[in-house]
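Structure record follows, encoded as structure tokens.
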Amino acid sequence: MIKVSAFRWVPPFAQGLVRDLRVRWALEEAGLPYEEKLIGPDDQKSAAYRALQPFGQVPAIEDGDLTLFESGAIVLNIAERSSALLPADPQERELVRTWTFAALNTVEPPIMMMNMIDLQPGGAPAGAKELRDKIVAAIGTRLDNVATFLGEREHLVAGRFTAADLLMTTVLRILRNSELVASRPTLDAYRRRGEARPAFKKALAAQMAAFAAHAPPAAKP
Ligand SMILES: N[C@@H](CCC(=O)N[C@@H](CS)C(=O)NCC(=O)O)C(=O)O
């Protein structure tokens, strides 16, 4: 059975956003069973885990002799195995790959830059305000570009849900504590459509169940 690495526990700000969610969601859409390989900080540093994921991050998958890391690569690998995530038409398949890169390589990077500033211990440094404003503007431009492309479309490619929507939705979700997506009705509706999918709900519940089961005593409600 496919094994997916995931964190045993993360603080609440990250819960529901950790990138193994992308893989769990893809597997649920494809109807492929999986088991979790829950890891913690010590595992992240271990040589055995670094052999699987050179950066010590999650997710990684083990599937027989096949081991993969990078959520986008894993989701595309799963998509290759299931018409639930990838259409049959060759051109549409290439467009799904294109939008996969757009989600992870064009839309996500400025969002992660903002996160890095905001998550500095003790809060964003005072001198970072100007840079942060520029990054927020860049995020807004990218979001507007996606919203304009979507227009009246419900999905990015082929008039149906694909791996590209799965990844784009998970990228937009990173902005859940800001108004950047919420204030853009087209994108907000798009995100909600993704989150309403039964496979998404199952994947999110599975990630959250691991955190609930492994919460350190101080973090228990
Ligand atoms: N580009 C990688 C990023 C993976 C990533 O950033 N994973 C985070 C969790 S969402 C992580 O493991 N962070 C811990 C670390 O970087 O040490 C992917 O998409 O798989």
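Structure above, values below:
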quantity	calculated
Check on Glu94, open to solvent by 60 Å² or more (accessible area, probe 1.4 Å) and either at positive phi or in a strand (DSSP E or B) (or both)	no
Inter-residue pairs, beta-carbon under 7 Å, first charged (D, E, K, R) and in region 199-212, second buried (at least 19 other Cβ atoms within 10 Å of the Cβ), 6+ apart	Lys202/Glu28
Unique match (being in contact (Cβ under 8 Å) with a residue 60 or more places away in the chain and surrounded by fewer than 22 Cβ atoms within 10 Å (Cβ to Cβ)) among Asp118, Asp89, Asp144, Asp133	Asp89
Within region 77-86, considering residues that are open to solvent by 30 Å² or more (accessible area, probe 1.4 Å) and closer than 24 Å to Pro54 by Cβ, the one nearest to the ligand (Cβ to nearest atom)	Asn77
All positions within region 56-70 that are out of contact with any strand residue (DSSP E or B) (no Cβ under 8 Å at 6 or more places or on another chain) and over 20 Å from Pro11 (Cβ atoms)	Gly64, Asp65, Leu66, Glu70
Wholly within region 163-221, helices (runs of 4 or more DSSP H) carrying at least 2 residues that are surrounded by fewer than 15 Cβ atoms within 10 Å (Cβ to Cβ)	179-182, 185-195, 198-213
Residue match in region 62-70 (condition: surrounded by fewer than 18 Cβ atoms within 10 Å (Cβ to Cβ), within 12 Å of the ligand (Cβ to nearest atom) and of a type in the set (D, E, K, R))	yes
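One line per residue, one yes/no per condition, for (1) among the polar types (S, T, N, Q); (2) under 26 Å from Gly31 (Cα atoms); (3) touching a residue at least 12 places away in the same chain (Cβ under 8 Å); (4) out of contact with any Phe, Trp or Tyr (no Cβ under 6 Å at 6 or more places or on another chain):
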| position | (1), (2), (3), (4) |
| --- | --- |
| Ala138 | no, no, yes, yes |
| Thr148 | yes, no, no, yes |
| Ala164 | no, yes, yes, no |
| Met168 | no, yes, yes, yes |
| Asp188 | no, no, no, yes |
| Arg192 | no, yes, no, yes |
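The values are calculated or read from the model by the stated rules, or taken from the named source; none is laboratory data. What you see is a predicted model; the values in this text were computed from it and never measured. Ideal geometry is used to build each Cβ from the backbone, glycine not excepted, and the neighbour counts take in all protein chains shown. Remember, those area values only see protein heavy atoms, side chains included, never the ligands or the DNA or RNA. Shrake-Rupley method; radii C 1.70, N 1.55, O 1.52, S 1.80 Å.
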